[in-house]
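Take a look at the structure below.
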Amino acid sequence: MRIAVVTDSAAGFAPGWCEAGGPAEGVHVVAMPVLVGDEILTGEHDDVTAPLMLALAAGSHVRTSRPSPGQFERVYGQLAEEGYDGIVSVHLSGLLSGTVEAARLAASRAAIPVEVIDTRTAGMAQGRAALAALATAASGGDLQASAAAAAIAARSSSLYFYVPSLEQLRRGGRITAAAAWLGTLLSVRVILRVQGGRLVPLERMRSAARGMQRLQELVEADVADRTSGVHLTVHHFGNEDEAEALADRLQIMAGSGRVSTAPCPSVLAAHAGLGVVAVTVSPG
């Protein structure tokens, strides 16, 4: 069987990863739109990063949207025409976005079987799930085996955020339930984790330096609890040097584990704001 893998741009692949020869070559990525005022930005990296940074710095109204079912239908249809026998479609948590719902609607109309996976996570925790499906399919796994590999990888991954300002999260309504715990001062820095598909606040602090230190400590504790190798990805938005320095420190701790950096997916950065640093921990 020929199995294709589809995901959305919340997967957080680094520039070039999906191109020929890249680690994610063969994964088909559906863009998630970011809306700045009346302008719709799609794609990732150079297409979105600069205008999104300017909009966030200026305090412009920024929001996100799910891809339409029609976008998924077109991708699924093209893959069917290319001779694929099935598709594993791996997506951002359904509790953070309606993307997985759109994919399921499109899957019900597809000409070939489509297994839709709600990873209940985001960033490279989601991206590693897509890569697990790709690797299983490449080794001869069928549709069910490839989908199971994605689900297992997603469940086995962690995602931690350091957010230097609460303003964008409040504007996007992503921390409404935690507002009382977080307090009202925008100067509070927060460590959050994606847990059960939702953003859950873990700790708050006043110092940026302490926030980054605590993020590193949480990741190190997570890695120490694992019995096998790991992949770590440090996501950044507007603070690449800080992320690179954190990645260097984590590499010393991770030993043979792989540590990489990548821009924060625009759909996440639009809510987390400038200066966010996120770390994913996935099985090696």
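The values are calculated or read from the model by the stated rules, or taken from the named source; none is laboratory data. These figures come from a predicted structure and were not determined experimentally. Note that we place each Cβ from the backbone using ideal geometry, even for glycine, and neighbour counts take in every protein chain shown. Only protein heavy atoms, including side chains, enter the accessible area calculation; ligands, DNA and RNA are left aside. Shrake-Rupley method; radii C 1.70, N 1.55, O 1.52, S 1.80 Å.
One residue is enough: does the stretch 270-279 have a residue meeting the conditions open to solvent by less than 20 Å² (accessible area, probe 1.4 Å), over 15 Å from Gly211 (Cα atoms) and in contact (Cβ under 8 Å) with a residue 24 or more places away in the chain? Yes, because at least one residue in the stretch 270-279 is open to solvent by less than 20 Å² (accessible area, probe 1.4 Å), over 15 Å from Gly211 (Cα atoms) and in contact (Cβ under 8 Å) with a residue 24 or more places away in the chain. If you go through the stretch 256-270 and keep only what is small (Gly, Ala, Ser) and within 13 Å of His231 (Cβ to Cβ), you end up with Ser256, Gly257, Ser260, Ala262. If you check Ala110 against the conditions, is it more than 19 Å from Gly77 (Cβ to Cβ) and hydrophobic (A, V, I, L, M, F, W, C)? Against the criterion (more than 19 Å from Gly77 (Cβ to Cβ) and hydrophobic (A, V, I, L, M, F, W, C)), Ala110 does not qualify.
In this entry, Ala14 passes the filter for residues that are touching a residue at least 40 places away in the same chain (Cβ under 8 Å) and either of a type in the set (Asp, Glu) or part of a loop (DSSP other than H, G, I, E, B) (or both).
For the stretch 118-154, taking the residues that are charged (D, E, K, R) and outside any helix (DSSP H, G or I), the one that is farthest from Glu101 (Cα to Cα) is identified as Asp142. When Ala80, Ala106 are screened for being open to solvent by less than 20 Å² (accessible area, probe 1.4 Å) and either in contact with a Gly (Cβ under 7 Å, 6 or more places away or on another chain) or modelled with pLDDT of 95 or more (or both), only Ala106 passes.
Exactly one residue out of Ala55, Ala20 is open to solvent by 20 Å² or more (accessible area, probe 1.4 Å), farther than 23 Å from Ala147 by Cα and either of a type outside the set (S, T, N, Q) or not in a helix (DSSP H, G or I) (or both), and it is Ala20. Within the stretch 23-34, residues that are more than 25 Å from Val259 (Cα to Cα) sit with their Cβ atoms under 6 Å from residues that are acidic (Asp, Glu), at 6+ positions apart or across chains, in these pairs: Val30/Asp8; Met32/Asp8.
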